Amino acid sequence: MTARGGTRSQGAPSRRDVLRVIAAGAVVGAAWSLGVRPRGQAVTRSRVLMGTRIHLTVLSDDREAAAAAADATLARMAALEGRLSRYRTTSELSRLHATGRLETASDALLDVLRLSQRVWRLGDGAFDVTVQPVLDLHRGRLGSGHGPPSREAIETALARVDQRSVRIEGRSVILARPDARITLDGIGKGYIVDRGVDVLRERGFGSVFVEAGGDLVAAGRKPGGTPWRVGIRHPRQGLALQARFDVGDRAVATSGDYMQAFTPDYAHHHIIDPRTGTSAPELASSTVIAPDAATADALATLTLVLGPRRGRALLEDLPGCEGYFVSKRLEVVRTSGFEVA
């Protein structure tokens, strides 16, 4: 498969293979907290990371241990942001952009890039972490009030977009195109949330809630055994809620045209279809439940690009995944297993 259509190259995994790989990784990420009995009081933390505010809740009888675990979680997340952020000049991603090659990449960068490759194949190129040049073009034109970029300018930027130009050889990452630019905004935040939750798991805490700007993991249950309840923001009514649902031992992510709209009518926004170079036209928001936050993050971005029909069909095939989609006309489409409260 190519980033803008075409045929799958010889030896590339089939769609069924990709589904199997994603599902297998997701089951491992979710299984640790099953059967944990909630108890104790809530220890909370809040901190700005990854350009958003992180909210963390840990339930435990041992407040001192829970507080230490919460602080360690935030420290782990901050360290990963330092590795993966394209805004940090010392990050691995910035060093890769500067030289075109990273000889010894961290597990974090390798994990995120490998998952991005699987989601790229799954979506026939509708998710591509090398879309940054096109996003920069739109943001530069529309953000300065000059109107949408021309088709010629879009095609020039699209020539730099191709997931296959990011090559992984052992622990090395190579950009086959020196002018390629990677953004992990559609997957990295979820991955960092997952690794933060790993810290809590390793310390024995099974009832936790970690949320970062629309990406979250809810594990175990609240005191009294009640499930965590999550609200989906209405895409056109500020902080009003579109729907509510219960979640436990799962991750949730939402992508929306309203999160970074370039024009008042939401026609131009930051979720770019890497095959066409234009903003995804059908959906106002896409909310995905998945067994881990990195997968939920990537699938929320992917399904917003694919639209409600193809997005729903894709998620119906993925074990442990559900979706709730709101169209530009505020029509709702959801997968068969998505239950609203």
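Please treat every number below as a calculation from the coordinates, not as lab data. All values derive from a computational prediction rather than experimental measurement. Glycine also receives a Cβ, built like all others from the backbone with ideal geometry; neighbour counts cover every protein chain displayed.
List of remarks:
- For the chain, the longest principal axis of the alpha carbon atoms and the long axis of helix 132-143 meet at an angle near 90°.
- The chain - mean residue ellipticity at 222 nm from DSSP helices (-39,500 (n - 2.57) per run, n ≥ 4, rounded to 500): -11500 deg cm²/dmol
- The distance from the alpha carbon centre of the stretch 60-93 to that of the stretch 42-56 is 10 Å, rounded to a whole number.
- Along each principal axis, Cα extent of the stretch 15-334, largest first, Å: 61, 48, 40
- Scaling against 2.2 N^0.38 Å puts the C-alpha radius of gyration of the stretch 203-273 at 1.37.
- In plain terms, the residue of Tyr266, Tyr87 with the fewest other Cβ atoms within 10 Å comes first and the most crowded comes last, giving Tyr87, Tyr266.
- Tilt relative to the chain, helix 15-31 - C-alpha long axis, 0 to 90 degrees, to 10: 30 degrees
- Under 5 Å from the amide H of Ala243 lie the amide H atoms of Ile232, each residue being 5 or more positions distant or on a separate chain, with H modelled from the backbone and absent for Pro and chain starts.
- The stretch 45-200 shape via C-alpha gyration tensor axes, a/c threshold 1.5: prolate
- Calculated P(r) tail over 19 Å for the stretch 267-341, as whole % of Cα pairs: 29 percent
- Positive minus negative residues near Phe325 (Lys, Arg vs Asp, Glu; Cβ under 14 Å): +2
- Cβ-defined net charge surrounding Ala180, 13 Å radius [Lys, Arg +1; Asp, Glu -1]: +3
- For the chain, the longest principal axis of the Cα atoms and the long axis of helix 63-84 meet at an angle of about 10 degrees.
- As a ratio to 2.2 N^0.38 Å, the alpha-carbon radius of gyration for the stretch 108-166 is 1.30.
- Convex hull volume per residue in cubic angstrom - Cα atoms of the stretch 225-311: 97 Å³
- According to the Kirkwood relation over distinct C-alpha pairs, the hydrodynamic radius of the stretch 187-341 is 15.7 Å.
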